[in-house]
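Here the structure comes first, spelled out in structure tokens, and everything after it is commentary.
Any read-out appearing in this document is the output of simple, stated calculations on the displayed coordinates, not a laboratory observation. Predicted model only: the values in this text are computed from it and were never measured. Cβ placement follows ideal geometry from the backbone for every residue including glycine, while neighbour counts extend to all protein chains displayed.
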Amino acid sequence: MPYTSLVQLPVAVHRHLPLHAQEIYRAAFNNAWITYAARGDQRERIAHQVAWAAVKKHYVKKGDNWIARA
């Protein structure tokens, strides 16, 4: 289920990540959703893992905040 807008993202993503990080998450998830179509019931889990990995390339969590990496 690709996300067509940021408001459709999971609550943990939508409420806690900065806007740019949400955009990264959505793009990575949607790309992984297509890439791993053959994985069947593992597809969604993999897409979320890929999306979080993409966010963590650009952001780091400090306390309750996500901060852009320098």
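Quick notes
- Selection of trypsin sites (Lys or Arg not before Pro), region 17-70, meeting DSSP coil and at most 14 other Cβ within 10 Å: Arg69
- The Cβ shell under 15 Å around Ala12 holds other residues with a net charge of +3, Lys and Arg each +1, Asp and Glu each -1.
- The chain - mean residue ellipticity at 222 nm from DSSP helices (-39,500 (n - 2.57) per run, n ≥ 4, rounded to 500): -16500 deg cm²/dmol
- Mean projected area of the Cα convex hull of region 10-68, taken over all directions, amounts to 3.8 nm².
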